[in-house]
Amino acid sequence: MATLVVADVHGEYEALRALLKRAKPRPGRDRVVFVGDLVGRGPASGAVLDAAMDLPDCEVVLGNHDLHLLRAHARGEAAEPELAELLADAKSDERAAWLRARRLALPLDEAGGLACHAGLWHAWDREAALAAAAAVEEALRGPAWQEALEQLYGDNESAWAENLKGGRRLQAAVNILTRMRCCNGDGGVCWAYRGEPGEDLPAGACAWFDYPLRRHRDLFVVCGHWSSLGLTLRPDVAMIDCGCCFGGPLAGLWAEDRRLVFDR
């Protein structure tokens, strides 16, 4: 089974339709993996969620915007008009339940790699990344998921440590897997960098995949999240968010042979 990895859709339903039409994934023979941020910014987040829910052999890793929607759903309110519209939809509960059952990291066995939304902690190998993600996944699927979502939010935990417990451990995993773009000299998430177009990296910071002590150099990691970086393809990493919601193309990557496909 071949794997098509799709970048951040951000509510751009027509772009998703066009990409799938061009990529032609075969039901029962290919799987489609979304690297998060299905929702937010664009005009049709509900339609994107419904399409993903109906797509055969589809898997999703959650992004920061997807978690933001879940938190808004748990609270019953959203400041953003597009999220408020989603919460008012009759399918809100069904979509939220589906999102809560998704992953934060996913093995790409056919490509010998891993899919996540943003990045990996430098000392993780694939098994450690999947274990950190699994703890968050279990919390989101459990009976106390609303409380878990509140614990996930915040900038307090920017680095991973094996002795972290409870909500601190979950927050560190979420910040690394769904929010990290670059890291400081100690490997922790660099909050000073927001990923805006034209923004320079702070002194002493580097892209997470350029950190010199990275344990997973031999692992092929596919991510989205960093649209201002643009398409970046290396033997060890594919950053495929091309800023579809800002007018760029929606990218897909066939993981096994690294072929790219776009919506236009």
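The values are calculated or read from the model by the stated rules, or taken from the named source; none is laboratory data. It should be emphasised that the depicted structure is a prediction, and the values quoted were computed from it without experimental measurement. Virtual Cβ from ideal backbone geometry, glycine too; neighbours counted across all protein chains shown.
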Review point. Do we find that G46 is surrounded by fewer than 24 Cβ atoms within 10 Å (Cβ to Cβ), at negative phi and more than 14 Å from the chain's Cα centre (by Cα) in this structure?
Key: yes
Practice item. Please indicate, with yes or no, whether at least one residue in the range 86-95 is under 28 Å from D30 (Cβ atoms), modelled with pLDDT of 95 or more and surrounded by 20 or more Cβ atoms within 10 Å (Cβ to Cβ). Key: yes
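To keep it simple, each residue is scored yes or no on (1) surrounded by fewer than 24 Cβ atoms within 10 Å (Cβ to Cβ); (2) farther than 14 Å from C116 by Cα.
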site: F220; (1), (2): yes, no
site: M239; (1), (2): no, no
site: P249; (1), (2): yes, yes
site: E256; (1), (2): yes, yes
site: F262; (1), (2): yes, yes
Revision key, fill the gap. Among A18, A44, the single one that is aliphatic (A, V, I, L, M), at pLDDT 95 or above, in contact with a Phe, Trp or Tyr (Cβ under 9 Å, 6 or more places away or on another chain) and more than 17 Å from R264 (Cα to Cα) is A44
Point to revise | Failed condition for L164, given (1) in contact (Cβ under 8 Å) with a residue 12 or more places away in the chain; (2) outside any helix (DSSP H, G or I); (3) of a type in the set (A, V, I, L, M, F, W, C) | key: (1)
Exercise for review: Return yes or no: is A134 aliphatic (A, V, I, L, M), more than 19 Å from G224 (Cβ to Cβ) and in a loop (DSSP other than H, G, I, E, B)?
Suggested key: no
Exercise for review: Only residues in the range 238-264 that are of a type in the set (K, R) and at pLDDT below 95 count as the first member; pair them with residues that are surrounded by fewer than 23 Cβ atoms within 10 Å (Cβ to Cβ) and not in a loop (DSSP other than H, G, I, E, B), Cβ under 6 angstrom, at least 6 apart or cross-chain, and list the lot.
Suggested key: none
Review point. If a residue has to be closer than 15 Å to G119 by Cα and hydrophobic (A, V, I, L, M, F, W, C) to count, how many in the range 139-198 make the cut?
Key: 13
Study note, to complete from the structure: Sole miss for K165 among (1) touching a helix residue (DSSP H, G or I) at 6+ places or on another chain (Cβ under 8 Å); (2) farther than 26 Å from E12 by Cα is condition (1)
Review point. Is it fair to say G230 is without any contact (Cβ under 8 Å) to a residue 24 or more places away in the chain, farther than 22 Å from E110 by Cβ and in contact with a Cys (Cβ under 8 Å, 6 or more places away or on another chain)?
Key: yes
Practice item. Mind counting the residues in the range 116-127 that are surrounded by fewer than 20 Cβ atoms within 10 Å (Cβ to Cβ) and assigned to a loop (DSSP other than H, G, I, E, B)? Key: 2
Review point. Is it true that A192 is free of Cβ contacts under 8 Å to residues at least 40 places away in the same chain and closer than 26 Å to R102 by Cα?
Key: no
Check your understanding: Out of all the residues in the range 172-188, which are under 24 Å from L69 (Cβ atoms) and either touching a strand residue (DSSP E or B) at 6+ places or on another chain (Cβ under 6 Å) or in a loop (DSSP other than H, G, I, E, B) (or both)?
Key -> N175, L177, M180, R181
Practice item. Tell me which residues, restricted to the range 59-89, are closer than 20 Å to V136 by Cβ and hydrophobic (A, V, I, L, M, F, W, C). Key: V60, V61, L62, L67, L69, L70, A72, A74
Exercise for review: Tell me, please, whether a residue that is under 27 Å from A72 (Cβ atoms), touching a Leu at 6+ places or on another chain (Cβ under 7 Å) and polar (S, T, N, Q) can be found in the range 207-227.
Suggested key: no
